[in-house]
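Here's the structure we're looking at; comments come further down.
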Amino acid sequence: MPTILIALGANLGDLGETLTQAVDQLASDPEFTLEARSELLITKPVGGPSGQPDYLNSAAKFSTSLSPEQVHQKLIDIEQSHGRVRIQRWGARKLDIDLLLYDRQIIKTPQLTIPHPRMSFRRFVMQPAAEVATEMLHPELDTTIGQLWEHLSGAPPVVEIAALPGPAVGDLLAATEKELSDPKHSLANELLPLPKSRDELVTSLQNLTKQQLEHRSLPPGSSVRVLPWWFGIAEVLGGTISSIPPGTSPARLTVYWNRPEDTYGDVEAGWWSPEERNGLQAALAEAVRQKVHAPRLWLEGNDLKSAVTELTAAIQAMQG
């Protein structure tokens with residue numbers, strides 16, 4: 001039978017009792033067989049309104065005879081049996097159950113996305129998940145849960161933004177830095193240059209790639225360093241194949257941002273036509289898929305406000 005991995009969390013009510021009962025409810029269903037359940041983990045809220053109480057999180061692995069859609073509905077039924085009401089995104093809740101993995105299937109429908117799109121960089125998800133399912137494979141990243149957790153807990157606190165250059169990328173980083181007022185998440189930003197021609201842009205990128213690969217340490221007073229994805233962007237825009245020096249640590253998180261039309265302006269118009277830009281965007285997306293086998297966040301068409309919200313929450317989640 002297929003193997004599934006679920007994540008559970010709650011921050012209202014009797015937290016331990018709720019999470020234990022939820023796993024027991026699923027285990028008592030003849031369509032499911034419990035293989036492992038994690039210890040309970042206390043975590044801080046990520047995203048959503050301020051002032052929330054701490055969460056209790058856990059994970060469990062089951063085998064099941066049901067389809068992904070049927071499993072998803074079962075989890076919703078259990079949430080509702082514990083009084084879950086969906087009012088505010090990332091708000092306080094009595095019970096939240098997410099279907100993280102269903103064997104090695106990749107599913108994208110309006111109702112269900114598997115693997116869970118934000119699982120790989122969330123410490124509160126990956127720590128208990130690695131406890132019960134270290135050998136399970138994340139089919140999009142082609143990396144096991146154990147390897148992802150090892151990377152998330154051990155890689156340097158660097159976030160790389162894979163987006164076509166332009167002023168909007170600087171706006172994203174500046175707005176995110178403003179949102180992360182907690183010193184625990186203070187940012188050190190490195191912006192892309194904005195020359196007039198595409199050739200000058202590529203040359204600057206290639207030079208900066210070499211420099212930044214040698215200087216990835218955190219400046220004083222910063223806990224997270226945010227950089228453009230120098231290596232990949234330079235390769236895509238320059239049409240050349242570069243190699244990262246041996247021993248260079250990959251970023252803890254890579255964020256792909258396919259910027260919407262209204263984030264492009266006169267600066268980018270001097271670099272490429274809309275048709276060229278679409279081709280470069282597709283090439284950048286493919287480069288991220290092929291080269292990044294570590295935690296990543298995919299922002300497809302998010303406007304600036306939405307991208308700031310997602311990036312802020314992702315940095316908080318990866319830091320814990």
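Annotations for the structure displayed:
- Sole residue being open to solvent by 30 Å² or more (accessible area, probe 1.4 Å) and under 24 Å from the mean Cα position of the chain (by Cα), chosen from 20, 113: 113
- Whichever residue in segment 276-302 is among the small types (Gly, Ala, Ser), open to solvent by less than 20 Å² (accessible area, probe 1.4 Å) and in a helix (DSSP H, G or I) and, among such residues, is nearest to residue 260 (Cα to Cα): 285
- Yes/no for residue 236 being at pLDDT 70 or above, closer than 21 Å to residue 141 by Cβ and open to solvent by 20 Å² or more (accessible area, probe 1.4 Å): yes
- If the condition is being over 24 Å from the mean Cα position of the chain (by Cα) and not acidic (Asp, Glu), then segment 74-84 contributes 74, 78, 80, 81, 82, 83, 84.
- Residue within segment 160-181 that is modelled with pLDDT of 70 or more, crowded, with 21+ Cβ neighbours inside 10 Å, acidic (Asp, Glu) and touching a strand residue (DSSP E or B) at 6+ places or on another chain (Cβ under 8 Å) present: yes
- Within segment 249-272, considering residues that are within 19 Å of the chain's Cα centre (by Cα) and modelled with pLDDT of 90 or more, the one surrounded by the most Cβ atoms within 10 Å (Cβ to Cβ): 253
- Test result for residue 40, touching a Gly at 6+ places or on another chain (Cβ under 7 Å), open to solvent by 50 Å² or more (accessible area, probe 1.4 Å) and at pLDDT 95 or above: yes
The values are calculated or read from the model by the stated rules, or taken from the named source; none is laboratory data. Keep in mind that this is a model prediction, so the values were computed, not measured. Virtual Cβ from ideal backbone geometry, glycine too; neighbours counted across all protein chains shown. Protein only, heavy atoms only, side chains kept; ligands, DNA and RNA dropped before computing areas. Shrake-Rupley method; radii C 1.70, N 1.55, O 1.52, S 1.80 Å.
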